[in-house]
């Protein structure tokens, strides 16, 4: 079928406009009758006729057929047509997007695994699936980690407030070092000595 049919001025032969433009780059004569090139004019009659010719969808496996003038509209929503996913890694970084191409009927399955799909962490933060593991390990307040001293497993938020009983602390009165869980017993046992040290410090 002709694509954008145009008449070769001077002789009346009709060709696709793109074919005429390509031909005259190297040859200025009509390929059918050798008339010299003087320009081209849209063949409105043939264009109108071609718009009503019945054609099939160009996408493999699609059963659609209809008038040629409706092909472009159909192809925009054709379930067999290939479309780029295009999801951004971040709503603020449009340059980084998913380049995978899939048909509309495959898009739902693709979105289930696409690393650019937005997911919500249990902590409430939303990000591309691509960044979820990094967020979980480095930032998520709900991610559970072990205390490096007592090895109890807590969320990152709880770990920040964790008063580890195995952590080494210093008695503020005598300066002795011990585990936090021993501090209360130490203060009870050393009460008299602590009182003396405080009294001496006040009298000095």
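FYI, it's all coordinate maths here, none of it is from the lab. Predicted model only: the values in this text are computed from it and were never measured. Because the Cβ atoms are built from the backbone with ideal geometry, glycine has one as well, and the counts that use them run over all protein chains shown.
Quick one: angle between helix 191-203 and the longest Cα principal axis of the chain, in degrees between 0 and 90, rounded to 10, please.
So the helix axis and the longest Cα principal axis differ by about 90 degrees.
On the first, second and third principal axes, largest extent first, how far apart are the outermost C-alpha atoms of the stretch 5-50 in Å?
Principal-axis extents of the stretch 5-50 (Cα, largest first): 30, 18, 15 Å.
If I fit a long axis through the Cα atoms of helix 104-113 and take the longest principal axis of the Cα atoms of the chain, what angle between them do I get, 0 to 90°, rounded to 10?
For 104-113 against the chain, the angle is about 20 degrees.
Kirkwood hydrodynamic radius, computed over distinct alpha-carbon pairs, for the stretch 109-148: how many Å, to one decimal?
10.9 Å is the Kirkwood radius here.
Treat the count of other C-beta atoms within 10 Å as a stand-in for reagent exposure and order 8, 132, 64 from fewest to most.
64, 132, 8
Let me understand the stretch 1-100 better: what is its radius of gyration from the alpha carbons, and its Dmax, in angstrom?
According to the Cα coordinates of the stretch 1-100, Rg and Dmax are 19.9, 59 Å.
As a test of the formula, what do you get for the chain when each DSSP H run with n ≥ 4 contributes -39,500 (n - 2.57) and the sum is divided by the residue count, at 222 nm and rounded to the nearest 500 deg cm²/dmol?
About -9500 deg cm²/dmol.
Using only C-alpha positions, report the orientation-averaged shadow area of the convex hull of the chain, nm², one decimal.
24.5 nm²
When the distances between all Cα atoms of the stretch 54-159 are binned every 5 Å from zero, what whole-number percent does each bin get?
Final binned percentages: 2, 11, 15, 13, 11, 10, 9, 8, 6, 4, 3, 3, 2, 1, 1, 0.
In degrees, nearest 10, range 0 to 90: what is the angle between the Cα axis of helix 129-138 and the longest Cα principal axis of the chain?
Once rounded, one gets 10 degrees.
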